[in-house]
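For reference, the structure discussed in these notes is given below.
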Amino acid sequence: MPQYLSPGVYVEEVEAGSRPIEGVGTAVAAFVGLAQRGPANSPVLVTNWNQFTAAFGDFMEGSYLAHAVYGYFLNGGGAAYVVRVGADEAAPPARLELPSSTDKGTAAFRVVALEAGAAGNEITVEVADPSEPGEGVFKLVVLRAGKEEEVYDNVSLKKGRQNVFTATRTSRLIKLEETTKSDLAPAPGKLSLAGGGVSGAVRVTPSEYVGDAADRTGFGGLEAVDEVTMVAAPDLMALYQRGVLDLEGVKAVQLAMIAHCELMGDRVAILDAPPGYDAQQIKEWRVDKAGYDSKYATLYWPWIKVFDPVAGQAAFVPPSGHMAGIWARSDGERGVHKAPANEIVRGAIALELQLTKAEHDLLNPAGINCIRAFPGRGIRVWGARTLSSDPAWRYLNIRRLFNYLEESILQGTQWVVFEPNDMALWERVKRTANAFLVRVWRDGALFGGSPGEAFFVKVDGENNTAETMDAGQLIIDIGVAPVKPAEFVIFRIAQFSGGTSLAE
C-alpha cells in the first residue's frame, strides 16, 4: 500500500472487476514435407501462396507439399508453418568471388548461398552505384530467380554500421566470407553464383520426419510453435509411392504425428490414407493394420484430383492440405464448434473413387471421414470424426472446441500465478472464467437455454482445502456441455387419418 505523509489529493490506479480472457486462434496449420529449396528443418511462417513459392519454390515432381499448401490457401487457410525435410545438406552451396575494383587479380569478398545445393545457382549479385556516393561505398543487390530481392545500399568494407558484412547478417539468401584484408569496394557489375551441387530429397527416413525437439528438427521443431492447431505430412504418401518408405515407415511417422499432437495437447493430426485403395482395403488398413486410436487425430479418404502444373494435367493428391483449409474456413465463418463437414472442397476436380452409401456405412463407424461427390452439389467433406474409440471424443469439433477452451483459459489466466490464494482471488477467477464461457455460449458452442445449463465454474472451499492451499495449488473445476453435430438427421413420417365423426 502507498504511504500518505502529507495532506493532499492522491490518485491511484486499482484493479476493477475481472480480467477478460481472449480466445486464441484455432486455424494455423503446420505442413512437413519436401520442397525445391528453402531452410531445412526450420518452421517458416507463410501467410499466402506467394510467400511459400518465394521461400520453398513452386510445384515439384514427386512431392505433394506444394499442392497441400496451395489447397490450404485456396480453401480458406490464412497462416501456416512449413517445415522442409529431406534436404541434402551434404551438397556444396553455390558461391561467387566478387573482384576488387582496383586489383583485378584479387577478390574483395566471397558470396556464398545460404542454402546448399543447386538452388543457390539461381542467385545473382549486382554491385551498383550507391544512393549517397562516397569513397569505397557501393550498393549490393541480391536477386534469386528474378523474384526475391534484397538491397543493401550505401555499404562498404570499412568498419562501422554500414559494413557490408554486418548489413548482410539478416539476409535469407547469402552470407559473405572475407578473402583479403582490403577495404576497397568490389568492381561494379552483375554476376551469378555457381557451383551448387545437386540437392533434393534423396532418402528420407521416419526419424528425419520425427526429428528432435532439442535440435528443432522435424515434428520436434513444431513444439516451439505454440500457435499451430493442425499438423499434416502430405509427402509421406509421395515417399511411399517412390518406394522410399514402406507402409511400416508410413505408420511409424503417422504414429509420431499423433504422439506429437497428444504431447502438445492443442493440435490435431490430419492423416492421409495410402493411394489406390478401395472401400474394403481402406477399412482393413484403418482397422487391422494401422489401428490408430486417438482423439487428437483424424483421417480423410479418398484422394482428390487437382490440376498439376508440373505435369500439365490433373493428378490425384492426398486431401490433408485441402481439409486443413476447410477447417480454417469453417472456423472463420461459423466457429470452431461447427463440425468442418458438408463443406465444398475447392479445387477438387474429381475423386479417386466414387463411394456408394453402402460403402460409406462401413467406413464412417471406423472413423474414416469420407469425401463424396453429390449430383448438383459438388465434392464435399462428408465426415467429422476423430480416430478415438471413446464416444465422448468421437466428433472432431468437440476435440477442437476443448483445445480452444483450454488454450484460451490457460493464456488468459496467467495473471493468477503467485496471487494471494484467498476467497477474493477465487471470486475474481470465477468471474473471469464465467465471462469467457458466457461469450462462448452466446456464440452457439455450448448446449443449454441459459448459461447455468451450458456450463459451471466451481472454485470454493470444497475443492480448495487447507491441504491444497498448503501445497500452493488453486483448483478450478469447469464443466461445459458442448454442442454435438447432427450427424444423423431422421425424419419420422407416418400416415394417419385426419379423423371423422358422425353427428345426428
- Message: Being crowded, with 22+ Cβ neighbours inside 10 Å and of a type outside the set (A, V, I, L, M, F, W, C) is the filter here; which residues of the stretch 234-253 pass it?
- Response: PRO234, ASP235
- Task: Of all residues in the stretch 345-400, count the ones that are farther than 20 Å from GLY76 by Cα, in contact with a strand residue (DSSP E or B) (Cβ under 8 Å, 6 or more places away or on another chain), in a helix (DSSP H, G or I) and among the basic types (Lys, Arg).
- Result: 1
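Quick one: which helices (runs of 4 or more DSSP H) lie wholly within the stretch 403-504 and hold at least 1 residues that are more than 20 Å from GLY265 (Cβ to Cβ) and under 36 Å from the mean Cα position of the chain (by Cα)?
Working: elements: 423-442, 451-454, 466-470.
Counting at least 1 such residues, we get 423-442, 451-454.
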- Message: Can you find a residue that is assigned by TED's automatic domain parsing to the domain that holds VAL82, closer than 20 Å to VAL381 by Cα, touching an Asp or Glu at 6+ places or on another chain (Cβ under 6 Å) and in contact (Cβ under 8 Å) with a residue 12 or more places away in the chain anywhere in the stretch 252-272?
- Response: no
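Given the stretch 21-101, what strands (runs of 3 or more DSSP E) lie entirely inside it while holding 2 or more residues that are in contact with a helix residue (DSSP H, G or I) (Cβ under 8 Å, 6 or more places away or on another chain) and more than 21 Å from ASP331 (Cβ to Cβ)?
Working: elements: 28-33, 44-46, 79-84, 93-99.
So the answer is 28-33, 79-84, 93-99.
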- By residue number, the members of the stretch 279-301 that are under 23 Å from CYS261 (Cα atoms) and surrounded by 19 or more Cβ atoms within 10 Å (Cβ to Cβ) are TRP285, ARG286, ALA290, TYR292, SER294, LYS295, TYR296, ALA297, THR298, LEU299, TYR300, TRP301
- Task: Take the stretch 133-163 and flag every residue that is outside any strand (DSSP E or B) and at pLDDT 85 or above.
- Result: VAL137
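I need a count of the residues in the stretch 318-337 that are in a helix (DSSP H, G or I) and either surrounded by 24 or more Cβ atoms within 10 Å (Cβ to Cβ) or in contact with a His (Cβ under 7 Å, 6 or more places away or on another chain) (or both). Steps first, please.
Here is the first cut: in the stretch 318-337, the ones in a helix (DSSP H, G or I) are 320-333.
From what is left, the residues that are either surrounded by 24 or more Cβ atoms within 10 Å (Cβ to Cβ) or in contact with a His (Cβ under 7 Å, 6 or more places away or on another chain) (or both) are 320-328, 330.
Residues that pass the stated criteria total 10.
Among residues belonging to the stretch 380-428 that are among the β-branched types (Val, Ile, Thr) and free of Cβ contacts under 8 Å to residues at least 60 places away in the same chain, point out the one that is surrounded by the fewest Cβ atoms within 10 Å (Cβ to Cβ). Let's see the steps before the verdict.
Of all residues in the stretch 380-428, those among the β-branched types (Val, Ile, Thr) come to 381, 386, 398, 409, 413, 416-417.
Of the ones still in play, those that are also free of Cβ contacts under 8 Å to residues at least 60 places away in the same chain are 416-417.
Working: VAL416: 15, VAL417: 7.
Across the stretch 380-428, the extreme among qualifying residues is VAL417.
Can you tell me which residue among VAL14, VAL32, VAL9, VAL44 is of a type in the set (A, V, I, L, M, F, W, C), farther than 27 Å from GLY211 by Cβ and modelled with pLDDT of 90 or more? Can you show your working first?
Numbers: VAL14 fails: modelled with pLDDT of 90 or more; VAL32 fails: farther than 27 Å from GLY211 by Cβ; VAL44 fails: farther than 27 Å from GLY211 by Cβ.
Among VAL14, VAL32, VAL9, VAL44, only VAL9 is of a type in the set (A, V, I, L, M, F, W, C), farther than 27 Å from GLY211 by Cβ and modelled with pLDDT of 90 or more.
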- When you go through TYR4, TYR81, TYR10 one by one, which is the residue that is touching a residue at least 40 places away in the same chain (Cβ under 8 Å) and among the aromatic types (Phe, Trp, Tyr)? TYR81
- GLY136: more than 16 Å from LEU96 (Cβ to Cβ) and touching a residue at least 24 places away in the same chain (Cβ under 8 Å), yes or no? yes
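The values are calculated or read from the model by the stated rules, or taken from the named source; none is laboratory data. Note that the coordinates shown come from a computational prediction; the quantities given were computed from them, not determined experimentally. For neighbour counting, all protein chains shown are included, and Cβ atoms are generated from backbone atoms with ideal geometry for every residue, glycine included.
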